[in-house]
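Undergrad: My questions all concern the structure below.
Bear in mind these aren't lab numbers, they're just calculated from the coordinates by the rules spelled out. Predicted model only: the values in this text are computed from it and were never measured. As a convention, Cβ positions derive from the backbone with ideal geometry for all residues, glycine included, and neighbour counts pool all protein chains shown.
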Ligand code: KG4
Ligand code: ZN
């Protein structure tokens, strides 16, 4: 049958992204990361939506050029409807609606959290695809969820964070250590040179499969304040060990909940996504869980872990095959559950 060409748009937070897929294969995946937020130490919503407005046309243009596709060849446009920052979502939603109307092609709405999970179904050479049912853990600066995935569009949230996302826990810890935003990758870098058992941080007591990270941040704050009072150079002298101990604690929390979810459901196929999947500690822990607990673990290519339009495109393709399209009057949805 005829190949299906999807243009996908992602603008839920601070990355403007456009991708072109031919069926389940990615032809291009362009991401414009917004540098402006670094000096504020976090995403500023109003600045994010302005930057999306500046970026969206050139990013889409680049995606088409890199894929060597003319917009007249497009079969449909898929866009992130939510969840996310309303001002950011509006840019991608309005752009997609207008272009679909102009080209007279269907529009497909995509849930960003489903897309993080369905990114595992992007057809990549040498990449294995998880079999249903599986457990998906989405870990990033904005999300922390464990989801039971029974089928492409049959998912159930088993647990999620009650406060900060795990990426925020990394970034806020990094900030306490005087590291620049986003500090997660730096904590990871120093952690690899340190002793993970040097300092002990309490793990939160949260029922079931939910998470909480705000208490960890507070205990790290108190710990540092106390130590710096005795030794003003405490942080610089112990940076590697502090980072290793923080990372060790966070990885233990994540793996602990996954073990609980696996036990509760009897499922041993575990798929990870989101920017924190880059973390070397979590990657190592997942690898050893294959030996230790007989799990079968999956992590997509890094560019499909962080916010990207290719993951929106694979959902677009799956919905296109099922003939699931959106009305032209569709609206962005800042709170939008799986
Ligand atoms: O998926 P992502 O790019 O954007 C969001 O949707 O949030 O995730 C970014 C988050 C940031 O909090 C960043 O610090 C964290 O992922 N991160 C890491 C690592 N790489 C990125 N955290 C720990 N270790 C890493 N190697
Ligand atoms: Zn995301």
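Undergrad: Just subtract the alpha-carbon distance of residue 150 and residue 123 from 0.36 nm times their residue separation and send over the number in nm, one decimal.
TA: 7.7 nm
Undergrad: A follow-up question, please. Grab the DSSP H runs of the chain that are 4 residues or longer, score each as -39,500 (n - 2.57), total them, divide by all residues and round the 222 nm result to the nearest 500 deg cm²/dmol.
TA: Value at 222 nm, helices only: -14000 deg cm²/dmol.
Undergrad: Relative contact order of the chain, please, whole-number percent, based on alpha carbon pairs below 8 angstrom and at least 6 residues apart.
TA: The value is 25 percent.
Undergrad: Would you mind calculating the relative contact order of the stretch 6-122 from Cα pairs under 8 angstrom and at least 6 residues apart, reporting the percent as a whole number?
TA: Relative contact order here is 31 percent.
Undergrad: Can you tell me how the stretch 28-176 classifies by the Cα gyration tensor, rounded, prolate or oblate, using a/c under 1.5 as the rounded cut?
TA: oblate
Undergrad: Indicate the gyration tensor shape class of the stretch 130-299 (rounded, prolate or oblate), computed on the Cα atoms with a ≥ b ≥ c the square roots of the eigenvalues: a/c under 1.5 is rounded; otherwise a/b larger than b/c is prolate and the rest oblate.
TA: prolate
Undergrad: Looking only at 257, 203, 321, which one moves most when the chain is put into a Gaussian network model with springs between Cα atoms under 10 Å?
TA: Comparing 257, 203, 321 in the GNM, the peak value goes to 321.
Undergrad: Continuing with the same structure: Helix 234-265: angle to the longest alpha-carbon principal axis of the chain, degrees 0 to 90, nearest 10?
TA: That works out to roughly 60 degrees.
Undergrad: Right, next: Would you kindly compute the Cα radius of gyration of the chain and its largest Cα-Cα separation (Dmax), both in Å?
TA: When restricted to the Cα atoms of the chain, Rg and Dmax are 20.6, 72 Å.
Undergrad: Continuing with this model, one more query. Given a Förster distance of 56 Å, report the FRET efficiency between residue 329 and residue 162 from their Cβ-Cβ distance, rounded to the nearest 0.05.
TA: Approximately 0.95, to the nearest 0.05.
Undergrad: What share of the DSSP beta bridges in the stretch 130-299 is antiparallel, in percent to the nearest 5?
TA: Here the share of antiparallel DSSP bridges comes out near 60 percent.
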